[in-house]
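To keep things clear, I will list the structure first and then write my remarks on it.
The values are calculated or read from the model by the stated rules, or taken from the named source; none is laboratory data. Note that the structure is predicted; figures quoted are calculated from it, not measured. Neighbour counts are summed over all protein chains in view; Cβ atoms, including those assigned to glycine, are modelled from backbone coordinates with ideal geometry. Heads up: the accessible areas ignore ligands, DNA and RNA and are worked out on the full protein's heavy atoms, side chains in. Shrake-Rupley method; radii C 1.70, N 1.55, O 1.52, S 1.80 Å.
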Amino acid sequence: MRSEQEVNRAIEQYSNTIRRLCMLYLKNYADTEDIFQTVFLKYVLSSASFESEENEKAWFIRVTINACKDLLKSFFRSRTVSLDAIMEYPTELPPDYREVLEAVFSLPQKYRDVVYLHYFEDYTAPQISRILGKNVNTVYTLLTRSKQMLREKLGGDGYA
């Protein structure tokens, strides 16, 4: 079990990343908070030691992605419709931002993962390949294809 100081440091350091990643997968604030708590509970109970901060961050990302996938596969989740899915995006988002966000959310999951890790978390393709357990060339291919899909959805070269 980890010390309170270790846990507080990790929460301070990785909370934004975990929440953004959860929102990318779940698109639901309540589920995001549930997964957030689950991830940090796993961290508290974990006895894993990390070689570096990058290893620790990769561990958090991997655990978060797995927890989100588990929630999305759950029986309850597959048999219900969330209230958030019924509601529109908040009106205070600028129209350009909303359009780009909707385009990214409409990408298939494998493309969304690499786009998020590359553009929001500033990971390189080799780092993404280690985190997702994919070949480096596969990551490059997914990035290229996702850019092309976003260009088609957004109608031009100005966005991607």
For this session: Take every Cα-Cα pair in the stretch 117-160 and report what % of them are more than 13 Å apart.
Result: 56
Seminar exercise, completed: Expressed in square angstrom to the nearest 10, the accessible area of Glu53 with a 1.4 Å probe stands at 120
For this session: Compute the distance in nm between two label points, each set 7 Å from the Cα along the Cα-to-Cβ direction, one at Val44 and one at Val7.
Result: 0.3
Seminar exercise, completed: Counting only protein heavy atoms and leaving out ligands, DNA and RNA, the solvent-accessible surface of Glu56 at a 1.4 Å probe, in Å² to the nearest 10, equals 10
Exercise. In nm, to one decimal, how far is the modelled label at Glu121 from the one at Glu102, with both set 7 Å along Cα→Cβ?
Worked result: 2.8
Exercise. When the Kirkwood hydrodynamic radius is evaluated over all pairs of different C-alpha atoms of the stretch 1-64, what value in angstrom, to one decimal, is obtained?
Worked result: 11.9
For this session: Would you please state which residues of the stretch 109-132 a label at Ser15 would reach in this model, taking the label point 7 Å out along Cα→Cβ and a backbone N cut-off of under 15 Å?
Result: none
Seminar exercise, completed: One checks the Cα atoms of the stretch 97-136 and finds Rg and Dmax, in Å, of 10.8, 32
Problem set entry | Heavy atoms of Thr144 accessible to a 1.4 Å probe, total area in Å² rounded to 10 | 90
